[in-house]
Amino acid sequence: YRNSINRWHQAELDALGKTARKITQFLACSTEALKLVTLERLLKTHPDELQAAQEELEEARWIVSTESSDGIALCLADPNLRPIILDTCSPALVKRRHQRLAQCLITLHDSPWLRIGFHYQACGRHHKALSAYREALRHAKSDQEKVAAHQALNQLAAQNPTT
């Protein structure tokens, strides 16, 4: 039963436009919702094309968008879609999506260093992940943020004893 659902989702994904499919890939790689402006930079696409893809994905119930004072953010409609989407991507493509996310997040005014480190770690750029996690620790404003940065550093060290 599960395989038939996955095949159905696979067929639905294949039917999406190129930009819409790319949006689902970035959202599947991201741990948090992505703002429209961030997606525009990630995809290097025209705002009209992005809006059309957003509408296509909302209509097909792949994503939901939320509006706040700092803009519109998109996320997957259901976290169970994440593995289905990632299964349609090659490991190299997933790494490229994580790399683009990290590079894009670094340019934000208030860089989310833990997320940047996560994406660098996911694409195998361990030294860049280490630097990002150290920045997260340096910029931590609460004990909770310090603990999260320490946990990320420890996990990275356990994954790569050489760093």
With every protein chain in place, what's the accessible area of Cys75 (1.4 Å probe, Å², nearest 10)?
50
May I ask for the angle, rounded to the nearest 10°, between helix 18-29 and the longest principal axis of the chain, with both axes built from Cα atoms and the value confined to 0 to 90°?
40
Accessible area per residue for the chain in Å², computed with a 1.4 Å probe and the full protein assembly in place, what is it?
59
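Scale the Cα Rg of segment 76-163 by the rule-of-thumb value 2.2 N^0.38 Å and send over the ratio, two decimals.
1.15
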Along segment 83-100, Karplus-curve 3J(HN,Hα) (6.51, -1.76, 1.60; θ = phi - 60°) to the nearest Hz, with x for Gly and Pro, reads x, 5, 5, 5, 5, 7, 9, 6, x, 5, 5, 4, 4, 5, 5, 5, 4, 4
Ignoring everything but the protein chains, give the 1.4 Å probe accessible area of Ser69 in square angstrom, nearest 10.
130
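Out of the total accessible area of the chain (probe 1.4 Å, heavy atoms of protein only), what percent is carbon and sulfur? All intermediate terms of the calculation are to be shown ahead of the outcome.
Values: 4900 of 9640 Å².
The nonpolar share, carbon plus sulfur, comes to 51 percent.
Could you sort Thr45, Thr88 by their accessible area in this structure, using a 1.4 Å probe and putting the largest first? Numbers along the way, then the final one.
Working: Thr45 20, Thr88 50 Å².
Accessible-area ranking of Thr45, Thr88, largest first: Thr88, Thr45.
Can you give the FRET efficiency to the nearest 0.05 for Gln103 and Ala148, using r as the Cβ-Cβ distance and R₀ = 22 Å?
Values: r = 22 Å, r/R0 = 0.99.
Step by step, r from the Cβ atoms, then E = 0.50.
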Please identify which residues in segment 55-80 have an amide N closer than 14 Å to a label point set 7 Å out from the Cα of Ala15, following the Cα→Cβ vector.
56-62
Would you mind checking the tilt of helix 126-139 against the longest principal axis of the Cα atoms of the chain, expressed as 0 to 90 degrees and rounded to 10?
70
Here, segment 4-46 modelled as identical Cα point scatterers in vacuum has Debye log10 I(q)/I(0) at q = 0.17, 0.25, 0.27 Å⁻¹ of -0.53, -0.89, -0.96
Please turn the phi angles of segment 110-121 into ³J(HN,Hα) values with the Karplus equation 6.51 cos²θ - 1.76 cosθ + 1.60 (θ = phi - 60°), one per residue in order, whole Hz, x for glycine and proline.
10, 4, x, 4, 5, 5, 4, x, 4, 5, 5, 5
Which of the three applies to segment 98-148, rounded, prolate or oblate, going by the alpha-carbon gyration tensor with a ≥ b ≥ c and a/c under 1.5 meaning rounded?
oblate
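Taking DSSP loops as anything outside H, G, I, E and B, show the longest stretch in the chain free of trypsin sites (Lys or Arg not before Pro) there with at most 14 other beta carbons within 10 Å. The partial results should precede the final answer.
On the way: sites that count: Lys44, Arg61, Lys141.
Within the chain, the longest run free of exposed trypsin sites (Lys or Arg not before Pro) spans 62-140.
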How big is the dipole moment of segment 1-92 about its Cα centre under a simple scheme where the beta carbon of each Lys and Arg is +1, that of each Asp and Glu is -1, and everything else is neutral? Debye, nearest 20, please.
420
At Arg96 and Glu55, where each label point lies 7 Å from the Cα along Cα→Cβ, what is the point-to-point distance in nanometres?
2.8
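Charges at C-beta only: +1 for Lys and Arg, -1 for Asp and Glu. How large is the resulting dipole of the chain about its Cα centre, in Debye rounded to 20?
Dipole of the chain, to the nearest 20 debye: 880 debye.
Output the direction-averaged projected area (hull surface divided by four) of the convex hull of the alpha-carbon atoms of the chain, in nm².
Details: hull surface 42.8 nm².
Directional mean of the projected Cα hull area for the chain stands at 10.7 nm².
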Give me Rg over Rh for segment 37-124, both radii from the alpha carbons and Rh done the Kirkwood way, two decimal places.
0.96
Quick check: with the 1.4 Å probe, what order do His46, His139 take by accessible area, largest first?
His46, His139
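The values are calculated or read from the model by the stated rules, or taken from the named source; none is laboratory data. Small disclaimer: the values here were computed from a predicted structure and weren't measured. All Cβ positions, even for glycine, are placed from backbone atoms using ideal geometry, and neighbour counts span all protein chains on display. Quick note on the areas: whole protein, heavy atoms, side chains included, nothing else; ligands and nucleic acids left out. Shrake-Rupley method; radii C 1.70, N 1.55, O 1.52, S 1.80 Å.
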